[in-house]
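Step one of this worksheet: look at the structure below.
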Amino acid sequence: MKDIRGFLIDLDGVLYVGGKAIKGAQESIDLLKDRKYAFRFVSNTTRTCRNTIAGQLSSLGFDIPVEYIFTPPLAAVAWLKNAGKHRCYLLTTGDVYRDFEHEGFCNPGTIIDFVIIGDAGDRLTYDNLNTAFRHVMNGAEMIALEKDRYWMAPGGLSLSAGPFVQALEFATGKTATIVGKPSKTFFDLALQDMGLRADQAAMIGDDILTDIGGALSIGMQGILVRTGKYRKDAVVNTGVKPSRVIDSIAQLRDIL
Ligand SMILES: [Mg+2]
């Protein structure tokens, strides 16, 4: 791929699926290293903090430095720092709160500046969604860590944060700011870290909308893999045209 000097690589569905590494994925990362390409990992995973993700990747046999991993909670923290406010209601699950606590952002009480909503799994109860709804009605802004429709869990396709974000938007009449993929600010964080412009980089992902559509909209190239949540009919329906389509990240060597 002429003029491409770096890659942003999605994690779930690209490096691994349902807790299993994709064959040849680490070899493709090694190849990028050998050929002096820059690369970073941009995941819309919002169930775990950056350090935990690095540990999980390591247990799957990947050799990836923690500082190469970019997730929506990190983008949200950067966004909050910019806004200068820090009273958050976190509608998230797992240990993702650590990314916020680490920076001094937490749940301080009843007055809330931001409702932050991610893929909160079983925490997306009526009570918790209703609390978030009331905070927004009282003036809090909504930040969506991602607004994906679904993801591929070990047991099958599963609801992501998107349907719940949309429910809150419907109820409040307000629009959430999306800080994960496909927002430009998120891609920019990782591009800046590589020191590259959008037109010098390609995104490798399994989500036609958030990975490929997002990348194309800011002037990056988009390489779709036929692993993870890839479904041929879903791709056709979106009308988004990837720059390249490959069977899996193992085929990256054929298009470099
Ligand atoms: Mg993915």
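The figures follow:
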{"quantity": "Qualifying residue in the range 65-86 (condition: of a type in the set (A, V, I, L, M, F, W, C), in contact with a His (Cβ under 7 Å, 6 or more places away or on another chain) and more than 23 Å from Lys229 (Cα to Cα))", "calculated": "yes"}
{"quantity": "Pairs where the first residue, in the range 1-22, is without any contact (Cβ under 8 Å) to a residue 60 or more places away in the chain and in the same structural domain as Val245 (by TED's automatic domain parsing) and the second is within 14 Å of the ligand (Cβ to nearest atom) and in a loop (DSSP other than H, G, I, E, B), C-beta under 8 Å, 6+ apart", "calculated": "Leu11/Ser43; Leu11/Thr45; Tyr16/Ile22; Ala21/Leu15"}
{"quantity": "Per-region count, the range 224-256, residues within 14 Å of the ligand (Cβ to nearest atom), basic (Lys, Arg) and in contact with a Leu (Cβ under 8 Å, 6 or more places away or on another chain)", "calculated": "1"}
{"quantity": "Subset of the range 1-25 [within 30 Å of Thr92 (Cα to Cα) and more than 13 Å from the ligand (Cβ to nearest atom)]", "calculated": "Phe7, Gly19, Lys20, Ala21"}
{"quantity": "Residue within the range 189-197 that is out of contact with any strand residue (DSSP E or B) (no Cβ under 8 Å at 6 or more places or on another chain), more than 20 Å from Ala76 (Cβ to Cβ) and free of Cβ contacts under 8 Å to residues at least 40 places away in the same chain present", "calculated": "yes"}
{"quantity": "Residue list for the range 52-81, filter: of a type in the set (Val, Ile, Thr), assigned to a helix (DSSP H, G or I) and in contact (Cβ under 8 Å) with a residue 40 or more places away in the chain", "calculated": "Thr52, Ile53"}
{"quantity": "Qualifying positions in the range 41-61 - within 14 Å of the ligand (Cβ to nearest atom) and either at pLDDT below 90 or over 16 Å from Asp10 (Cα atoms) (or both)", "calculated": "Asn44, Thr45, Thr46, Arg47"}
{"quantity": "Failed criterion for Gln221 (all others in (1) away from the ligand (no atom under 13 Å from the Cβ); (2) of a type in the set (S, T, N, Q); (3) closer than 19 Å to Glu146 by Cβ hold)", "calculated": "(3)"}
{"quantity": "The range 228-244: number of residues that are surrounded by fewer than 18 Cβ atoms within 10 Å (Cβ to Cβ) and closer than 26 Å to Gly155 by Cα", "calculated": "7"}
{"quantity": "Yes/no for Met203 being away from the ligand (no atom under 16 Å from the Cβ), surrounded by 14 or more Cβ atoms within 10 Å (Cβ to Cβ) and either within 21 Å of Leu74 (Cα to Cα) or within 16 Å of the chain's Cα centre (by Cα) (or both)", "calculated": "no"}
{"quantity": "Checklist (1) in contact with a Phe, Trp or Tyr (Cβ under 8 Å, 6 or more places away or on another chain); (2) outside any helix (DSSP H, G or I) applied to Ala190, failing item", "calculated": "(2)"}
{"quantity": "Matching residues, the range 163-182, being in contact with a strand residue (DSSP E or B) (Cβ under 8 Å, 6 or more places away or on another chain), without any contact (Cβ under 8 Å) to a residue 40 or more places away in the chain and surrounded by 22 or more Cβ atoms within 10 Å (Cβ to Cβ)", "calculated": "Ile178"}
{"quantity": "Qualifying residue in the range 207-214 (condition: buried (at least 24 other Cβ atoms within 10 Å of the Cβ), assigned to a strand (DSSP E or B) and within 14 Å of the ligand (Cβ to nearest atom))", "calculated": "no"}
{"quantity": "Residue match in the range 91-100 (condition: part of a helix (DSSP H, G or I) and either in the same structural domain as Leu196 (by TED's automatic domain parsing) or small (Gly, Ala, Ser) (or both))", "calculated": "no"}
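The values are calculated or read from the model by the stated rules, or taken from the named source; none is laboratory data. Quantities reported herein were computed from a predicted structural model and do not represent experimental measurements. FYI the Cβ positions are ideal-geometry reconstructions off the backbone, even for glycines, and counts take in every protein chain you see.
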